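Colleague: Have a look at this one.
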């Protein structure tokens with residue numbers, strides 16, 4: 001969860017971007033008029049023209065057709081290399097939807113129940129304790145967990161885990177010290193470290209963004225008996241014909257991978273080398289490790305929009321997709337915090353429950369995003385998908401851009 005020290009900034013920023021808005025809603029079926037699509041494109045192009053981002057690609061799909069698709073700006077600004085329709089992107093936390101889908105294929109096979117304790121399958125995560133106060137030498141005082149962390153809690157970020165880099169509690173500091181997502185480690189290494197770190201919260205009491213999806217990836221390995229990447233290839237990527245999605249960009253695709261950019265204090269953008277993403281990592285980051293293309297991610301999103309099936313190939317049961325996109329937060333956890341107003345949480349996805357507060361995204365839209373700005377909104381009520389791909393390290397700017405996009409496509413029309 002985003003730390004409390006940012007909340008004042010966030011509320012102001014979200015108000016400015018249109019992600020928190022007045023009382024406006026329209027429950028009628030929504031078609032993307034050319035006026036809206038043009039406004040959307042102009043707003044995204046403006047971000048490039050004004051130098052806030054190097055490039056962005058967009059796609060709007062509705063009722064079985066792509067109604068808008070464009071690339072604005074550069075994959076490599078220094079080399080004057082534009083984004084193209086087949087550019088590749090580091091999608092970061094858009095990986096979470098893929099990992100959740102993979103785990104739910106095993107749910108469909110009866111391999112587990114959502115309320116099973118995680119420790120039933122990963123012994124290292126049995127008998128976890130919970131931090132209650134700061135303790136000496138950087139080790140928190142703890143108490144026993146009120147109940148074992150469940151798989152449902154993993155999939156709703158309510159298991160009590162954290163990320164480490166978004167907070168400064170003693171638990172967060174222990175995550176950083178343990179280098180919990182070390183690129184050269186394995187999931188088994190991660191579990192061995194986690195068993196010695198207390199939970200930040202009692203399970204089922206707080207939504208807190210976390211490494212829970214990496215634990216899900218390990219569950220896929222444990223339950224399937226296959227490596228995580230092999231399982232994704234066999235059960236998702238090959239059946240869905242996602243030909244450009246992997247944990248790295250191999251040599252024959254490296255030139256297609258867009259550069260990431262880091263904003264500087266003087267307003268310029270500094271390119272970051274793609275080198276770490278050109279070889280297969282040992283740690284198959286289930287929460288944020290995939291590289292993909294616009295076409296591949298559209299095929300994945302179309303499968304979810306269609307209730308788990310694409311081109312006659314079924315990936316998930318329809319009722320499982322329904323579970324995924326229904327609010328699954330525990331009693332007493334009403335939302336997912338001030339950074340995501342108007343949203344609750346399903347299984348690895350945010351779910352809009354207040355359209356004006358959520359930047360006018362329709363209620364029932366399920367979605368997520370990546371730390372460098374990529375996003376995917378799946379809107380079942382209007383049979384629509386909106387995807388944006390960008391590579392910018394300022395995640396606050398990314399959320400501002402998301403707000404401009406949702407306002408253009410769904411908000412009140414400008415006079």
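The values are calculated or read from the model by the stated rules, or taken from the named source; none is laboratory data. Bear in mind the structure is a predicted one, so any value in this text is a computation, not a measurement. Glycine gets a Cβ as well: all are built from the backbone with ideal geometry, and neighbour counts include every protein chain shown.
Colleague: Here's a check for you: in the stretch 105-119, which residue that is farther than 18 Å from residue 158 by Cα and buried (at least 16 other Cβ atoms within 10 Å of the Cβ) is nearest to the chain's Cα centre (by Cα)?
Modeller: Among them, the one singled out is 105.
Colleague: Could you figure out which of (1) free of Cβ contacts under 8 Å to residues at least 24 places away in the same chain; (2) assigned by TED's automatic domain parsing to the domain that holds residue 371; (3) assigned to a loop (DSSP other than H, G, I, E, B) isn't true of residue 234?
Modeller: All conditions are met except number (3).
Colleague: Among the residues of the stretch 305-322, is any touching a strand residue (DSSP E or B) at 6+ places or on another chain (Cβ under 9 Å), under 15 Å from residue 100 (Cβ atoms), assigned by TED's automatic domain parsing to the domain that holds residue 85 and in contact (Cβ under 8 Å) with a residue 24 or more places away in the chain?
Modeller: yes
Colleague: Can you work out which of the residues in the stretch 184-204 that are out of contact with any strand residue (DSSP E or B) (no Cβ under 6 Å at 6 or more places or on another chain) and not in a loop (DSSP other than H, G, I, E, B) is farthest from residue 150 (Cα to Cα)?
Modeller: My answer is 189.
Colleague: Sticking with this one: Would you check if there is a residue in the stretch 129-149 being surrounded by 19 or more Cβ atoms within 10 Å (Cβ to Cβ) and under 30 Å from residue 316 (Cα atoms)?
Modeller: Yes, the stretch 129-149 has at least one match.
Colleague: On to the next question. Take the conditions in contact with a helix residue (DSSP H, G or I) (Cβ under 9 Å, 6 or more places away or on another chain), on the phi > 0 side of the Ramachandran plot and outside any loop (DSSP other than H, G, I, E, B) and apply them to residue 73. Does it pass?
Modeller: The answer is yes for residue 73.
Let's see how each residue does on (1) surrounded by fewer than 19 Cβ atoms within 10 Å (Cβ to Cβ); (2) assigned to a loop (DSSP other than H, G, I, E, B); (3) out of contact with any helix residue (DSSP H, G or I) (no Cβ under 7 Å at 6 or more places or on another chain):
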residue: 331; (1), (2), (3): yes, yes, yes
residue: 338; (1), (2), (3): yes, yes, no
residue: 341; (1), (2), (3): no, yes, no
residue: 344; (1), (2), (3): no, no, yes
residue: 359; (1), (2), (3): no, yes, no
residue: 377; (1), (2), (3): no, no, yes
residue: 387; (1), (2), (3): no, no, no
residue: 396; (1), (2), (3): yes, no, no
residue: 403; (1), (2), (3): no, no, no
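Colleague: If you don't mind, another one. Any residue at all in the stretch 277-286 that is part of a helix (DSSP H, G or I), within 30 Å of residue 182 (Cβ to Cβ), at pLDDT 95 or above and over 17 Å from the mean Cα position of the chain (by Cα)?
Modeller: Checked the stretch 277-286: at least one residue is part of a helix (DSSP H, G or I), within 30 Å of residue 182 (Cβ to Cβ), at pLDDT 95 or above and over 17 Å from the mean Cα position of the chain (by Cα).
Colleague: Hey, can you tell me all the residues within the stretch 98-130 that are in a loop (DSSP other than H, G, I, E, B) and at pLDDT 95 or above?
Modeller: Keep residues of the stretch 98-130 that are in a loop (DSSP other than H, G, I, E, B), which gives 109-116, 121-122, 126-128.
Residues satisfying the conditions are 109, 110, 111, 112, 113, 114, 115, 116, 121, 122, 126, 128.
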